[in-house]
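Below is one structure; the comments refer to it alone.
Just so it is clear, none of the values below were taken in a lab; they were calculated from the coordinates. Worth saying up front: this structure is predicted, and the values here are computed from it rather than measured. Cβ atoms come from the backbone with ideal geometry, glycine included; neighbour counts cover every protein chain shown.
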Ligand code: BV8
């Protein structure tokens, strides 16, 4: 059985990583859409760097939760028949033990050079404009997909959705595309679809089944059922 799991900020909420909704889509009085766009970055690069530098620094203060660990347990059993596609830019899936993780919106712990387009694992701030380790030019930006930019590895995601027998969406509001449309792709390809979320998402009516509650209890229970 081929399983595709899509995760959003809700799976990391109980680890202490704030979701976008918690901030009502706002950060320091800025609409997320304003700081998470290429235009926002060109207009006020230091504000945008601060937005990501703070989130990158906070990673060392949070831990994976039982939901992340349950998905790693599922991967132990399913191997390459499971793919986790995450909208999150934190590294909690990896630290929870998952190895087959696709960050469709990029990662905090990576820097992208606007000069040479090279990517570098990155732990520290970018606001002090460090030189790119590959080309030496000081044009590093967060390696994240902003609004208006094309998500990463869409071909691989489409292939996985086409081959899916089961599509499970965990902890996402279904507010942002193309991720919010994956359930429809999967259903058209014949997959069963399940939503696991704290409350019904904007697209909950698109799913065959839905269970609502905190991910740290919903996801381990679902994995136990699946592996039974
Ligand atoms: C693109 C990275 C073209 C940066 C992010 C008009 C109509 C439709 C679409 C558009 C439109 N105008 C523009 C668009 C396209 C746009 C879009 O969708 N805009 C929205 C605002 C309408 N999309 C784009 O621009 C995308 N690119 O379309 O390119 C294209 C497409 C395909 C192929 C080729 C070309 C790029 C969007 C990427 C933006 N980057 N993040 C960063 O992180 O800073 S978006 C960001 O917000 C997240 O990555 C995520 O995708 C999104 C929503 O966040 P969620 O993860 O869902 O979190 P949220 O807070 O919203 O919800 C949390 C959920 O968890 C809630 O449901 C809550 O109930 C639940 N929860 C809370 N606690 C728990 C819990 N669940 C369980 N347990 C708990 N304890």
(message) Give me the residue from the range 96-126 that is under 27 Å from residue 165 (Cα atoms) and either more than 14 Å from the ligand (Cβ to nearest atom) or without any contact (Cβ under 8 Å) to a residue 40 or more places away in the chain (or both) and, out of that set, surrounded by the fewest Cβ atoms within 10 Å (Cβ to Cβ).
(response) 99
(message) Suppose we filter 218, 196, 206 for residues that are touching a helix residue (DSSP H, G or I) at 6+ places or on another chain (Cβ under 8 Å) and closer than 19 Å to residue 1 by Cβ; which single one remains?
(response) 196
(message) For the range 129-181, give me each residue that is closer than 22 Å to residue 40 by Cα and more than 15 Å from the ligand (Cβ to nearest atom).
(response) 129, 130, 131, 132, 137, 138, 139, 140
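Identify, please: which residue in the range 1-15 is crowded, with 24+ Cβ neighbours inside 10 Å and more than 7 Å from the ligand (Cβ to nearest atom) and is, among those, farthest from residue 82 (Cα to Cα)?
The qualifying residue farthest from residue 82 (Cα to Cα) is 12.
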